[in-house]
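First comes the structure, then the notes that go with it.
The values are calculated or read from the model by the stated rules, or taken from the named source; none is laboratory data. Note that the structure is a prediction, hence the values are computed from the model and not measured. No Cβ is skipped: glycine too gets one built from the backbone with ideal geometry, and neighbour counts run over all protein chains shown.
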Amino acid sequence: MGFIPPVTSGTWSIIKVGKQQLVRRRSGISPSVSVWLNMKRVLVVGGSGRLGKRIVRVLVEKEVPVLVGARDPQRAEETVRAYLREAGLSNKGDLQFVAHDLTEPAAVQAEKVFRPHDIDVVIDAAGPRRLTPLEPLSIDFKGNRELIRAACTGPGTAHFILVTALATGRFGWPAGLLNLAYGILFWKRRAELFLIDQVRKTAARTLTQDRVGTETRSTAASGGGIKQFTIVRPSGLERATDNWGDTHALRIHPADTLFKGSVSRLQVAQVCVTAALHPDASRNKIFELTTEEGPLAADLLQLMDRIPSLDVS
Ligand SMILES: NC(=O)c1ccc[n+]([C@@H]2O[C@H](COP(=O)([O-])OP(=O)(O)OC[C@H]3O[C@@H](n4cnc5c(N)ncnc54)[C@H](OP(=O)(O)O)[C@@H]3O)[C@@H](O)[C@H]2O)c1
């Protein structure tokens, strides 16, 4: 994989070691950041959507191999390739498409999507196309839950990045109002909790295996699990266009601290991809995203570094 480090002002060195690449940042943020990258393929769920397309675009710009999951992969391929052409990226990228429906049981998703492909990172940007009474329950919770279960099977998944929304962890205004839309924030929160729980279980199993030094039958049957999560909670996406970032700087806040704001889908995509490429800076974190008029005060990695990790032990 031809790796180009993402948005940062620091200086980088890339050292090849066999199949792996050691990417070391020499300046910028904490000296502990030394990231081993051996990325296979990133699965973008909802890759045909407005946010999903932008995530694919940023991954392609970084030359990361991508698998786009969509209910109609042929239509998704037409949409995504047309979008990449518009962005001047027509001949770039190692891009594959797969038929994927979140509403199918985990075993089916595992068989169709995870087993035939070498996926180690999932970026899940799916959401209901139309807000009908059952979509938040069936897509935002049950669909994501089955996907997370599927990602745990086989060798497991190194990193699961889930896009939800601001205020999923809050009650009162404005969450209460948004929840009138068929409980969408409530169901998104349930998916977040399910993901965190799977990462916690994977960590506990790893600890037990380390202690006992052997794998029990139950752990072997449950697959490799999910090693880390990042939850990305954008504020409103409908106002900001792709050039919003020229005048509005991204701000990343910790969990349950933001109430409102706007951020562009392109800015959210940049956060998701940077999180994928920098697992140390995004490990077990919840990022709440908004923007403020003015220049960016710090680079993306510095913003991520300031957010605390959740304890999953
Ligand atoms: N709008 C906002 O202001 C706002 C704010 C914060 C967070 N969000 C969240 O951000 C995320 C992205 O939003 P967006 O507006 O960019 O999305 P979007 O354009 O509506 O795209 C939704 C994507 O989800 C996929 N999807 C829907 N049902 C599926 C299923 N059963 N199986 C597989 N894929 C399925 C769609 O695929 P198909 O092509 O197959 O339909 C599509 O690619 C959503 O989770 C949304 O709730 C939105």
State all residues of the range 111-129 that are more than 15 Å from the ligand (Cβ to nearest atom), within 10 Å of Ala150 (Cα to Cα) and in contact with a helix residue (DSSP H, G or I) (Cβ under 9 Å, 6 or more places away or on another chain); if no residue qualifies, say none. Glu111
Glu104 - would you say it is within 15 Å of the ligand (Cβ to nearest atom), more than 30 Å from His253 (Cα to Cα), at pLDDT 95 or above and among the charged types (D, E, K, R)? yes
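Can you tell me which residue within the range 47-93, out of those that are of a type in the set (Val, Ile, Thr) and more than 16 Å from the ligand (Cβ to nearest atom), is farthest from Leu266 (Cα to Cα)? Outline the logic, then answer.
Applying the first criterion (of a type in the set (Val, Ile, Thr)) to the range 47-93 yields 55-56, 58, 60, 64, 66, 68, 79-80.
Now drop any that are not more than 16 Å from the ligand (Cβ to nearest atom), which leaves 60, 64.
Values: Val60: 13, Val64: 17 Å.
Selected residue: Val64.
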Being assigned to a helix (DSSP H, G or I), crowded, with 22+ Cβ neighbours inside 10 Å and polar (S, T, N, Q), is that true of even one residue in the range 291-305? no
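In the range 139-155, which residue that is of a type in the set (Val, Ile, Thr) and touching a residue at least 40 places away in the same chain (Cβ under 8 Å) is farthest from the ligand (Cβ to nearest atom)?
Going residue by residue through the range 139-155, those that are of a type in the set (Val, Ile, Thr) are 139, 148, 153.
Filter once more, so that each one left must be touching a residue at least 40 places away in the same chain (Cβ under 8 Å): 148, 153.
Values: Ile148: 14, Thr153: 18 Å.
That would be Thr153.
Residue-by-condition table, conditions (1) closer than 14 Å to Leu43 by Cα; (2) buried (at least 19 other Cβ atoms within 10 Å of the Cβ); (3) in contact (Cβ under 8 Å) with a residue 12 or more places away in the chain:
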position	(1), (2), (3)
Arg85	no, no, no
Gly88	no, no, no
Asn91	no, no, no
Gln109	yes, yes, yes
Arg115	yes, no, yes
Asp118	yes, no, yes
Leu137	no, no, yes
Return the residue satisfying two criteria in turn: it lies in the range 120-135 and is of a type in the set (Val, Ile, Thr) and buried (at least 21 other Cβ atoms within 10 Å of the Cβ), and of such residues it is farthest from Leu185 (Cα to Cα). Val121
Residue pairs within 9 Å by beta carbon, gap of at least six or interchain, first lying in the range 60-80 and free of Cβ contacts under 8 Å to residues at least 40 places away in the same chain and within 20 Å of Ala150 (Cα to Cα), second part of a strand (DSSP E or B) and of a type in the set (Phe, Trp, Tyr), listed first then second, are Val68/Phe97; Ala70/Phe97; Pro73/Phe97
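Taking Leu89 as the residue in question, decide whether it is modelled with pLDDT under 95 and more than 19 Å from Cys272 (Cα to Cα). Working first, answer last.
Values: modelled with pLDDT under 95: yes; more than 19 Å from Cys272 (Cα to Cα): yes.
Criteria met by Leu89.
Provide a single number: the residues in the range 267-280 that are more than 11 Å from the ligand (Cβ to nearest atom), among the hydrophobic types (A, V, I, L, M, F, W, C) and farther than 23 Å from Leu193 by Cβ.
The initial filter retains those residues of the range 267-280 that are more than 11 Å from the ligand (Cβ to nearest atom), namely 267, 270-271, 273-280.
From the residues that got through so far, the ones that are among the hydrophobic types (A, V, I, L, M, F, W, C) too are 271, 273, 275-277.
Now drop any that are not farther than 23 Å from Leu193 by Cβ, which leaves 273, 277.
The number of residues fulfilling the criteria is 2.
Whether any residue in the range 269-285 is in a strand (DSSP E or B) and buried (at least 21 other Cβ atoms within 10 Å of the Cβ) is what I want to check. Before the answer, list the steps.
Just the residues of the range 269-285 that are in a strand (DSSP E or B), to begin with: 285.
Add one more test, that the residue is buried (at least 21 other Cβ atoms within 10 Å of the Cβ), and what stays is 285.
Within the range 269-285 (the criterion being in a strand (DSSP E or B) and buried (at least 21 other Cβ atoms within 10 Å of the Cβ)), the answer is yes, since at least one residue qualifies.
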